[in-house]
Amino acid sequence: MDRVLITGGNGFIGSHLAERLEELGHSVTLFDVHFNGNTTSLRGPKIRGDIRDYPVVKDAVAGHDAVFHLAAVSRVAWGQMDPYTCWTTNQLGTLNVLEACRKSESRPLLFYASSREVYGEPQYLPVDENHPKKPLSVYGMTKLCAERACGSYSDPSLSPAVNPVIFRFSNVYGSERDLPERVIPKFMTKALHGEDITLYGGDQVLDFTYIDDTLSGILKAFAASFDGGSGVPGQEFHFVTGRGVSVSDLATMIVGLTGSSSRIIQSPPNNFEVRRFVGDPGKSPSRHGSSGRTVLVGRPADRPREVPLRGKGKILGSRHQLRHVLRR
Ligand SMILES: NC(=O)c1ccc[n+]([C@@H]2O[C@H](COP(=O)([O-])OP(=O)(O)OC[C@H]3O[C@@H](n4cnc5c(N)ncnc54)[C@H](O)[C@@H]3O)[C@@H](O)[C@H]2O)c1
């Protein structure tokens, strides 16, 4: 059994990860600025604290074997609205975690939650982990700088060095705990209420990844890190499906599946948003078998399908449970 700390542990990914780790028998401590119903079923300690507060972070990290650092201003739009909070939380917060790991006698393994936003607008598709990093948004820049801080703490001349594993997540979906402002929950809510769905440049293509696939990738990397390492510490992995879905097709699919009367309205794109991202899952599956088990499907019937569908889509839950599951 390992003693695991999850920063941002009350959030969408962190709370699901904590459940899975507890099921596997690990002892899980959560760290977050606030706690709600997401984590009431979890047994481990909950530390209420701010990731920007080094002494608090240092105490929280002490005694753990692994730290998953997920606490962040976690949306591109929020970074544009409040860059200072985004920078201090994502950059200083990560620095605090790195320094606390370096100082901790328990020498925890660190897993950092970055984002596909670090790549910016792709120069080629599908994007692999070595793609140039030119983020467009404040959020993407904070994530890239935090990655660089992780890299600098891996320097062997630091004694001791921290050798973090970097995960780059890509539009994770599939739970009522997701932020209501994110694209799938937002479209679902609008569709269920019959409200207009506005697309800010509907030709945007994204690689949506299902929460269970993301978690299985994280857990495989975690297990491999403790199993003699297999080269995982110090590595970077993105969790992607390798399939792009346009936001406009997504909206049409959700309206169709909910039988909604919502209209889909076109609006100009934002200049800080990546227009087209499809990731290359080659590295992750070969090492961890993590990606692409679940894909968003359900293209409008009048369009050619690139992917043969072997299952059928279903929506679980009510207006308050925006779990959108479409399985291959
Ligand atoms: N969900 C995605 O599609 C996605 C994609 C790419 C990257 N990520 C990254 O993965 C991580 C988890 O994402 P998520 O979807 O669970 O986000 P989330 O917003 O649900 O969770 C983030 C958590 O961090 C906490 N937090 C924010 N500021 C804090 C602070 N100052 N101190 C302590 N805690 C603080 C929040 O309260 C929240 O519980 C984030 O770092 C995010 O940037 C997520």
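Assorted remarks:
- Which listed residue is among the small types (Gly, Ala, Ser) and free of Cβ contacts under 8 Å to residues at least 60 places away in the same chain, from SER137, SER115, SER106: SER115
- Only a single item in (1) at pLDDT 90 or above; (2) crowded, with 22+ Cβ neighbours inside 10 Å; (3) over 17 Å from the mean Cα position of the chain (by Cα) is not met by VAL232, and it is number (1).
- Of all residues in the stretch 109-156, exactly one satisfies the criterion of being charged (D, E, K, R), loosely packed, with under 15 Cβ neighbours inside 10 Å and in a helix (DSSP H, G or I), namely ARG148.
- Residue in the stretch 2-15 that is in a loop (DSSP other than H, G, I, E, B) and surrounded by fewer than 21 Cβ atoms within 10 Å (Cβ to Cβ) present: yes
- Every listed requirement among (1) more than 14 Å from the ligand (Cβ to nearest atom); (2) assigned to a helix (DSSP H, G or I); (3) touching a Lys or Arg at 6+ places or on another chain (Cβ under 8 Å) is met by SER106 save one, (2).
- Pick from the stretch 36-54, criterion within 11 Å of the ligand (Cβ to nearest atom) and not in a strand (DSSP E or B), ranking: surrounded by the most Cβ atoms within 10 Å (Cβ to Cβ): ILE51
- Test: residue in the stretch 185-206 that is at pLDDT 95 or above, within 29 Å of GLU22 (Cβ to Cβ) and within 12 Å of the ligand (Cβ to nearest atom): no
- Yes/no for VAL138 being more than 9 Å from the ligand (Cβ to nearest atom), touching a Gly at 6+ places or on another chain (Cβ under 8 Å) and within 27 Å of ILE184 (Cα to Cα): yes
- Qualifying positions in the stretch 206-263 - of a type in the set (Lys, Arg), within 30 Å of VAL165 (Cβ to Cβ) and either assigned to a loop (DSSP other than H, G, I, E, B) or not assigned by TED's automatic domain parsing to the domain that holds PRO164 (or both): ARG243
- From VAL57, VAL33, VAL28, residue being closer than 17 Å to VAL4 by Cβ and within 13 Å of the ligand (Cβ to nearest atom): VAL57
- In the stretch 60-101, the residues that are in a loop (DSSP other than H, G, I, E, B), crowded, with 18+ Cβ neighbours inside 10 Å, within 12 Å of the ligand (Cβ to nearest atom) and of a type outside the set (A, V, I, L, M, F, W, C): SER74
The values are calculated or read from the model by the stated rules, or taken from the named source; none is laboratory data. None of the values given here were measured: they were computed from a predicted structure. Reconstructed Cβ throughout: ideal geometry from the backbone, glycine too, with neighbour counts over all protein chains shown.
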